[in-house]
1. Rounding to the nearest 20 debye, state how big the charge dipole of segment 236-288 is about its Cα centre with +1 on each Lys and Arg Cβ and -1 on each Asp and Glu Cβ.
2. Sum up the charges of everything whose Cβ sits under 11 Å from the Cβ of Lys243, counting Lys and Arg as +1 and Asp and Glu as -1, but leave Lys243 out.
3. Expressed in nm to one decimal, what extension gain is obtained for the pair Glu206 and Arg395 from 0.36 nm per residue of sequence separation less their Cα-Cα distance?
4. Could you sort the peptides 42-52, 80-90 by per-residue average Cβ neighbour count (10 Å cutoff), highest mean leading?
5. Calculated FRET efficiency, Glu275 and Ala408, Cβ-Cβ r, R0 35 Å, to nearest 0.05?
6. Express in Å², to the nearest 10, the accessible area of His279 obtained by rolling a 1.4 Å probe over the protein heavy atoms while all chains stay in place.
7. How do 381-389, 177-185 rank on mean C-beta neighbours within 10 Å, highest first?
8. If you add up the charges near Glu189, with Lys and Arg at +1 and Asp and Glu at -1, over every other residue whose beta carbon is less than 12 angstrom from its beta carbon, what do you get?
Amino acid sequence: MKSYLDMIKKPVKLPLLQGEEVLKYYTASYDTGTSLASTWRPGNLYLTNKRLLFVQIRKILFDVLLSQIKTINIVKREWILGKKVKQLYIVREGRKVPYIAVKDPENWKREIEERTQVSQSTPSDPQSAAHNARPDEVILKEKGSYVSPGQSMWRLGTLLLTHKKIAFLQSMGRVWETPLSSIKALRIEKRVYGVSKSDAICVEYESVGELSKAWIIALNLETWRKELYARASLKVDLETLDKIAVHLDADSKEILWFLYENRHARIDTLAKLIEVPVHMDVLLKIRGMINPTAEKIVGYSILSFESSKVDRETGENVTYSWWLAGQPQRERREPLLDIFEEGADLVVYLELLGIKEDELRLSVTNNQLVIDTDNNYHKEIPLTAVVNADSLTKRYNNNILEVTLKKAGCRPA
């Protein structure tokens, strides 16, 4: 009769990191070794060029970055029915990985050690270096609760959000984790918590080729919601846009559908699209109607301004443009700043949050627009053309400053 460890299982589709590929997999089982009565869990062990993972059916029970592995040993200890077999014993940054029983543990040890040395060496690719420079940089960490489908009891522990993943931890180790790149939807739902109902974040994510769900509750739930929205790669689908468009006027709808088809556009393009004479009219549509409507319906702004961003489909570096958000707008987003030449005029648009119009002091020095306020705000904006400093006029509406200057040699009409 074949041993369980001789029965290789068909691999399942894993949620891989960027640039990650599976190198090896085999039937295995693991035991945390934390209880008096060991409980072995059957599944598949996977080795990739970045991680070691253990998958049971379609759920990742644990994974560890190769760069975090410190030592690998082989020990002989009891397995199923008391039989003693060789097992992998791995320590990562002061913590051990569960005992792993797998066929040919010596070969696994050698290959993991080889890959660990490669992973811990300095990468030649600068992007890889930046990617590995902060593998576990913590953004949020707070006591909270977690529940998954089929569970009736909430688990108490610690919620953790990094630049790459969200996880739920208990004293025994990691209970749940998913990469931010695998998140497909986020929403607030009412869930029974104790004797009453409470707001919870529903995280819908892809796990080994299928959609799964998890719910989390934290004291600062709104902070978690905003940070997750800002970092998860959420796509705005057609159904969502339809829900938003119903509440918009004709010009706002035209802007929304144009950006849906083209992904991004400069403000002068949008002004021509809806046939308005000044760019301020476009900004008021975006800031006064489109984004507030989206925030009410889906919880975040769907149009964002970027001074520089790469279009992933074309590879083009797009500057000073509005984008249909492939992910929600960041809380600490870059303020709007744009400069246009319109015939004899140079027009500057600048977002000034929390500043009143009567606090503004504007001047032009050394061909730079200088902005000062009574609250020690100071900004100098290099101008793209030589201007007549005495020709400055301004408008201020909805925290957007519009400054118009005549180019040198041109007189006011």
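1. Using only the charged Cβ atoms, the result is roughly 200 debye.
2. -2
3. Length gained between Glu206 and Arg395: 63.3 nm.
4. In descending order of packing, they fall as 42-52, 80-90.
5. For R0 = 35 Å, the calculated efficiency reads 0.70.
6. Solvent-accessible area, nearest 10 Å²: 10 Å².
7. Descending mean neighbour count gives 177-185, 381-389.
8. +4
The values are calculated or read from the model by the stated rules, or taken from the named source; none is laboratory data. Every value quoted in this text rests on a predicted model; they were computed, and no experiment measured them. Cβ coordinates were reconstructed from backbone atoms using ideal geometry, including for glycine residues, and neighbour counts include every protein chain displayed. Calculation scope for accessible area: heavy atoms of the full protein, side chains included, ligands and nucleic acids excluded. Shrake-Rupley method; radii C 1.70, N 1.55, O 1.52, S 1.80 Å.
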